[in-house]
Amino acid sequence: MKIAQLITTRRWFESYVGGFADESGKLVPLMRVKKEHSLRVETNVASIARSLHWEDARIRLADAVGLLHDVGRFGQFRDYGTYYDGDSIDHGDAGAETLAGAFPWGDVDAPVRGIILDAVRHHNKKTLPSDLAPGSQPFARIVRDGDKLDVYQLVQGYVREGRIADLLPRIRADGPLSPALCDEVRANGAASYASVRSLVDFLLVQLTWALDLNYSPSFDMLRERGYVEWIEGRLPRDGETRSLLKDLEERIRRRRTSLPE
Ligand SMILES: [Fe+2]
């Protein structure tokens, strides 16, 4: 992606999101959260791409994809009042459709356009489809990493401020760790949101996200920012949970070492 195209992308994002503001130019708080999240994911993704020594044009493209990945969130919230995809629309698909119709593509060539649309469409899917175009794969992977890294930060901020219910209205802030969820994690190192009832359940699921990170700099960011330790510090300290966490840490370590530098 050219420098001018990245500049156009940033301008377009600003004005597209601005279109959801009220007469006084303000976004409702939960939309502002998504705008700020998008900007931080942009930074995360560009930083991972730089650590990987990608070429400048690819760093810019990764940056743009990071910024645009959640563009479907704004219409979703306006139309459905929720960020739960299951109750509304798939916001990755919606984002790709929005971009296909509304983004100023100008001189962006077809392969780059395809990469942006693929990465946005698939950033939120459980797994990437095996037939995803090879050229799109690194961008879909890097945006998934940058996105997860920011959600760790976002959740941590809300918990610290004592207002996690604003972000995750359906979970109990003080409920116990669900045995079914622990069994699921123990068996597959993964867990579905269906079993999440409490904040500690959600944090355990977040911990399993580390097993889905795709690039070694993402693990470095995870460690530098202390997310794993922070989550572990909030989980129960009984023997069973501890052994589950030890097992999970070992899986994360193996995943990290299996990735190319
Ligand atoms: Fe998203």
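Out of curiosity, is Asp79 in the same structural domain as Pro111 (by TED's automatic domain parsing), of a type outside the set (A, V, I, L, M, F, W, C) and in contact with a helix residue (DSSP H, G or I) (Cβ under 9 Å, 6 or more places away or on another chain)?
Numbers: in the same structural domain as Pro111 (by TED's automatic domain parsing): yes; of a type outside the set (A, V, I, L, M, F, W, C): yes; in contact with a helix residue (DSSP H, G or I) (Cβ under 9 Å, 6 or more places away or on another chain): no.
So Asp79 fails the test.
Condition first: surrounded by 19 or more Cβ atoms within 10 Å (Cβ to Cβ) and part of a loop (DSSP other than H, G, I, E, B). Now tell me which residues in the stretch 130-154 satisfy that.
First pass over the stretch 130-154, keeping only residues surrounded by 19 or more Cβ atoms within 10 Å (Cβ to Cβ): 136, 138-150, 152.
Answer for the stretch 130-154, where residues must be surrounded by 19 or more Cβ atoms within 10 Å (Cβ to Cβ) and part of a loop (DSSP other than H, G, I, E, B): just Ser136.
Can Asp85 be described as charged (D, E, K, R) and surrounded by fewer than 18 Cβ atoms within 10 Å (Cβ to Cβ)? Yes; evaluated as a whole, the condition is true for this residue.
The single condition among (1) within 12 Å of the ligand (Cβ to nearest atom); (2) modelled with pLDDT under 95 that Leu68 does not meet is (2). Is there a residue in the stretch 155-170 that is surrounded by 19 or more Cβ atoms within 10 Å (Cβ to Cβ), without any contact (Cβ under 8 Å) to a residue 24 or more places away in the chain and within 16 Å of the ligand (Cβ to nearest atom)? There is no residue in the stretch 155-170 that is surrounded by 19 or more Cβ atoms within 10 Å (Cβ to Cβ), without any contact (Cβ under 8 Å) to a residue 24 or more places away in the chain and within 16 Å of the ligand (Cβ to nearest atom).
For the stretch 117-127: of the residues being in contact (Cβ under 8 Å) with a residue 24 or more places away in the chain and in a loop (DSSP other than H, G, I, E, B), which is farthest from the ligand (Cβ to nearest atom)? Looking at residues that are in contact (Cβ under 8 Å) with a residue 24 or more places away in the chain and in a loop (DSSP other than H, G, I, E, B), I get Lys125. Just give me the residues in the stretch 211-223 being without any contact (Cβ under 8 Å) to a residue 60 or more places away in the chain and within 21 Å of Val196 (Cβ to Cβ), in sequence order. Residue satisfying the conditions is Leu211 alone.
Look at the stretch 85-99: where a residue is on the phi > 0 side of the Ramachandran plot, no partner that is within 13 Å of the ligand (Cβ to nearest atom) sits 6+ places away or on another chain with Cβ atoms under 7 Å. Residues that are of a type in the set (Asp, Glu) and either surrounded by 13 or more Cβ atoms within 10 Å (Cβ to Cβ) or closer than 14 Å to Glu36 by Cβ (or both) within the stretch 171-183 comprise just one, Asp183.
How many of the residues making up the stretch 89-109 are surrounded by 15 or more Cβ atoms within 10 Å (Cβ to Cβ) and either closer than 17 Å to Arg11 by Cα or within 13 Å of the ligand (Cβ to nearest atom) (or both)?
Step one: list which residues in the stretch 89-109 are surrounded by 15 or more Cβ atoms within 10 Å (Cβ to Cβ), which gives 89-99, 103, 105, 108.
Subsequent filtering for residues that are either closer than 17 Å to Arg11 by Cα or within 13 Å of the ligand (Cβ to nearest atom) (or both) retains 89-96, 98-99, 103, 105, 108.
Adding up the residues that qualify gives 13.
Checking each residue in the stretch 124-147 for being under 15 Å from Ala46 (Cβ atoms) and β-branched (Val, Ile, Thr) picks out Ile142, Val143.
Looking only at the stretch 166-181, filter to residues that are more than 23 Å from the chain's Cα centre (by Cα) and part of a helix (DSSP H, G or I); which one of those is farthest from Tyr84 (Cα to Cα)? Quick ask: steps written out before the conclusion?
Of the residues in the stretch 166-181, the ones more than 23 Å from the chain's Cα centre (by Cα) are 174-180.
Cutting the leftovers down to part of a helix (DSSP H, G or I) gives us 179-180.
Details: Pro179: 24, Ala180: 22 Å.
Among those residues, the one meeting the criterion is Pro179.
Residue count for the stretch 115-129 satisfying the condition of being modelled with pLDDT of 95 or more and loosely packed, with under 14 Cβ neighbours inside 10 Å: 1.
The values are calculated or read from the model by the stated rules, or taken from the named source; none is laboratory data. Because the structure is predicted, anything quoted here is derived from the model rather than measured. When we count neighbours, we look across all protein chains shown, and the Cβ atoms used for this are built from the backbone with ideal geometry, even at glycine.
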